[in-house]
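The values are calculated or read from the model by the stated rules, or taken from the named source; none is laboratory data. Because the structure is a prediction, the values reported are computed rather than measured. Here the Cβ is made from the backbone with ideal geometry for all residues, glycine too, and neighbour counts use every protein chain on show.
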Amino acid sequence: MIEFDVRTTDDGIGVVVPRGRLNMVAARQLRETLTGLVEGGTSRIVVDLAETTFLDSSALGALVAGLKTARQAGGDLRIARPTESVLTVFKLTNMDKVLRPRDDVEGAFHG
Amino acid sequence: MSDARRFVVRIVALLTAILGVNYVAWRWLFSVNWDAWWIAVPLVLAETYSLIDSLLFGMTVWKLKGRGEPPVPEPDLTVDVFIATYNEPLDLVLGTARAAQRITYPHRTWILDDGNRAELRARAEAEGIGWITRSADWTDMPRHAKAGNLNNALLATEGEFLLILDADMVPKPEILDRTLGYFRDERMGLVQTPQYFVNVPDHDPLGSQAPLFYGPIQEGKDGWNAAFFCGSNAVIRREALMQLGVSRYAGEVEVGVHRALRTARSVIGQARKDLAPDQVEVRQALDEIDYDIARARRDLDRGEALFDVTYRFQKRVAATRRELVGADLRSLNEDLAIIAGLDRLADDPDLSLATIDESALLQLADREWSPLGAVETVEALVRSIDVDLGGEAQPVMPMATISVTEDMATCMRLHGLGWRSAYHDEILAEGLAPEDLQTMLTQRLRWAQGTVQVMFRENPLVQKGLTLAQRLMYFATMWSYLSGFAALVYIAAPIAYLTLGVLPVQALSTDFFVRLVPFLLINQLLFFVVADGRPTWRGQQYSLALFPVWIRSFTSAFGNVFLGRSLDFAVTPKEKREDTGLRWDLVKPQLVAMGLLVLALVVGGVRLALGQASPFGTIFNMVWVVFDLVVFSVIIQAVRYRGFEPDASTGTSGTGTTTDGATAARTSDEGAA
């Protein structure tokens, strides 16, 4: 099972923390969570993957969809702290070449 | 598959290759009649074409794989059954959907209604069948036909596996029990089963069944881990498709952004040229953007993550633009129209973003821009090809959209990522074939166009990630669609001899026959042992008789891919057409060819009687002409065919005989791919 923690920082940056397995069943929920944030006016989003134990291509697809929504609203989506196994999935699809994982949540929108 | 059968097939395939190479090499080296080069060269080229076709066929069947009993599926897999429809009659769609509900392995059934029909939705949901239509994201976006329909549904569902069915393909209850077991192999991406049609009489006048393709050819490809996805009756692993979608997305964004930046630079350069000397501020702004473009390109070259680069770039250009507003508004309105057009840059349903016609981009670059117009163009350019893939409904498109037949390209890309495929040779769904000539011709043209499009856009011979054998297996099917040009030569050569006395070979000598005849015979023997009782004659006939379709598919796909022309795409109708009398007009080229062949027989006879021609050569060519006519006779049958009547199916079903010139193509049969 999966849970999503959602909070907004003082800078107005949305932080989403998926806890557990981020797979095809959870993908839609992730997409809806991200869309919900943007619609609520938070277009700068960090997805913190530190507690994501597993991630499949459907979940990657949901991240891309979220990225699109965020950029269309003038913001951006960044990912932070992926585990080694999650990073492997990024590399397998060459997503690591376009979407750079950040080392921490706080600094995700700096530099 | 018994070892004995595989052994026999291999021996015959080997002999065919040896005798074929022996014949065609001799033809090139010693027997081309260069004095009559205008027919001699085309003939030897056609024969070479046929030899390569034969070699590829031999290679295909070399690894015939009979999978036999499938493994038992793991329990508790989640499966979505997709029934794709556009405009088929509701009763037909619902009939298929009800059969899908009766599939025994637990699953969910969905109707993918590209026609967005309220009545279909109401009736489906009343029976507990899911109904999906395009989401709002697709408004004013390229729809990509069936591939788009499937891509839309992929995001609305979440099963681990997908069974894809055309609206007329009624599945048997055991279809999932018989196929899911193959996915115990965790790298197995796709399992294809045959497409079989119930509304076809035994003599199959329209060549609807593809017994050779859905049999030995697929089993042979399977042996090389290259069994094809054929659009329907296949089970696919969602993870494989999604991985494909995401990795294609990453690749296309990269290609697209590089192109956009290159074009952006030209646009700025053009705008700067036209500046008056006193427009200092404007010049400065354009210089800044030019610098930003160069910097973005440098950052990309250094390997910086693409989205970081484009994000920074867009922020900076937006800032510069704000400074510029008001500086020059003279010719802005005109530019704005063009900019609006940019968002439809990728509007051609056959194109994806990475394959945008570069000439369209170049035209943009050559226009005379006002400075502000130029800056906005740069923004729009990068936006259109940036992360959001602005010209597409959804950024991730797992099903390939480069071709009107999405299946082959998708499958080739899956293989390229290292996924495996399987062909399970058991009829597990029964569908409806076209029952009239016009619909059949439209369908074959579409398949052929789709295949040739893929050949031009993503030629398998140069695709990374495929094994050599896989490349050749994909290429073999494409190659077989080029048979139309060879057919023309095989019609023209005997006519040239009988009417003009022109012989394309140096002499009809013993040398010629001892090489040609054994090759022809062994080639037919290969068909015979490979077919193992399945009818192949219809397929052989249509591969020659539909030569105008194959030629048109090649020229129209060429025009589409390289010249940006429309394909005149048409969806294959599943309904019977109105009775409009016999449509001889649809097969005019074939009728002309037959007329010329008959005329050649008459002229040849007269020339023989007058002593102007050699008896041996005349008779040899007459036999050839008669063979061509027998092949073409299928066209007459097809025109006269009045549709399927279940009781009247008493026709003859022939088995393979001889072929023309050198060897037989199986295009019509392969066409089912």
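At a glance:
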quantity: Qualifying residue in region B:170-191 (condition: within 28 Å of B:ARG538 (Cα to Cα) and crowded, with 23+ Cβ neighbours inside 10 Å); calculated: yes
quantity: Output for region B:151-170, where each listed residue is over 15 Å from B:HIS107 (Cβ atoms) and away from every other protein chain (no Cβ under 13 Å); calculated: B:ASP166, B:ALA167, B:ASP168, B:MET169, B:VAL170
quantity: Tally, over region B:392-434, of residues that are over 24 Å from B:GLY148 (Cα atoms) and not assigned by TED's automatic domain parsing to the domain that holds B:ALA97; calculated: 0
quantity: Residue ID - nearest to B:MET188 (Cα to Cα), chosen from residues in region B:211-236 that are more than 14 Å from chain A (Cβ to nearest Cβ) and among the β-branched types (Val, Ile, Thr); calculated: B:VAL235
quantity: Unique match (being of a type in the set (Val, Ile, Thr) and not in a loop (DSSP other than H, G, I, E, B)) among B:VAL191, B:VAL200; calculated: B:VAL191
quantity: Residue within region A:63-75 that is modelled with pLDDT of 90 or more and charged (D, E, K, R) present; calculated: no
quantity: Residue that is in contact (Cβ under 8 Å) with a residue 12 or more places away in the chain, under 30 Å from B:TYR497 (Cα atoms) and surrounded by 14 or more Cβ atoms within 10 Å (Cβ to Cβ), where the choices are B:ALA13, B:ALA84, B:ALA36; calculated: B:ALA36
quantity: Scope region A:15-32; condition more than 17 Å from A:LEU99 (Cβ to Cβ) and either surrounded by fewer than 20 Cβ atoms within 10 Å (Cβ to Cβ) or at pLDDT 95 or above (or both); matching residues; calculated: A:VAL17, A:ARG19, A:GLY20, A:ARG21, A:ASN23, A:VAL25, A:ARG28, A:GLN29, A:GLU32
quantity: Candidates B:ASP308, B:ASP290, filtered to the one that is away from every other protein chain (no Cβ under 13 Å), in a helix (DSSP H, G or I) and either in contact (Cβ under 8 Å) with a residue 40 or more places away in the chain or over 30 Å from B:MET412 (Cα atoms) (or both); calculated: B:ASP290
quantity: Of all residues making up region B:101-127, the number that are crowded, with 23+ Cβ neighbours inside 10 Å and over 27 Å from the mean Cα position of the chain (by Cα); calculated: 2
quantity: Filtered residue count, region B:423-434, keeping only those that are surrounded by fewer than 22 Cβ atoms within 10 Å (Cβ to Cβ) and out of contact with any strand residue (DSSP E or B) (no Cβ under 8 Å at 6 or more places or on another chain); calculated: 2
quantity: Tally, over region A:20-67, of residues that are touching a strand residue (DSSP E or B) at 6+ places or on another chain (Cβ under 8 Å), of a type outside the set (A, V, I, L, M, F, W, C) and within 9 Å of chain B (Cβ to nearest Cβ); calculated: 2
quantity: Residues of region A:68-107 satisfying the condition of being among the charged types (D, E, K, R) and more than 9 Å from chain B (Cβ to nearest Cβ); calculated: A:ARG81, A:GLU84, A:LYS91, A:ARG102, A:ASP103, A:ASP104, A:GLU106
quantity: So B:GLU239, is it within 10 Å of another protein chain (Cβ to nearest Cβ), under 28 Å from B:ILE103 (Cα atoms) and of a type in the set (D, E, K, R); calculated: yes
quantity: Selection status of B:PHE313, surrounded by 14 or more Cβ atoms within 10 Å (Cβ to Cβ), of a type in the set (Phe, Trp, Tyr), more than 10 Å from every other protein chain (Cβ to nearest Cβ) and in contact (Cβ under 8 Å) with a residue 12 or more places away in the chain; calculated: yes
quantity: Region A:75-111, residues that are among the charged types (D, E, K, R) and on the phi < 0 side of the Ramachandran plot; calculated: A:ASP76, A:ARG78, A:GLU84, A:LYS91, A:ASP96, A:LYS97, A:ARG100, A:ARG102, A:ASP103, A:ASP104, A:GLU106
quantity: Pair list, Cβ < 7 Å and 6+ apart or interchain, from region B:134-153 residues that are in contact (Cβ under 8 Å) with a residue 60 or more places away in the chain to residues that are among the hydrophobic types (A, V, I, L, M, F, W, C) and in a helix (DSSP H, G or I); calculated: B:ASN152/B:TRP138
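Each row is one residue, and each column tells you yes or no for (1) among the aliphatic types (A, V, I, L, M); (2) touching an Asp or Glu at 6+ places or on another chain (Cβ under 7 Å).
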residue: A:LEU30; (1), (2): yes, no
residue: A:THR33; (1), (2): no, no
residue: A:ILE45; (1), (2): yes, no
residue: A:ASP48; (1), (2): no, no
residue: A:THR52; (1), (2): no, no
residue: A:LEU60; (1), (2): yes, no
residue: A:LYS68; (1), (2): no, yes
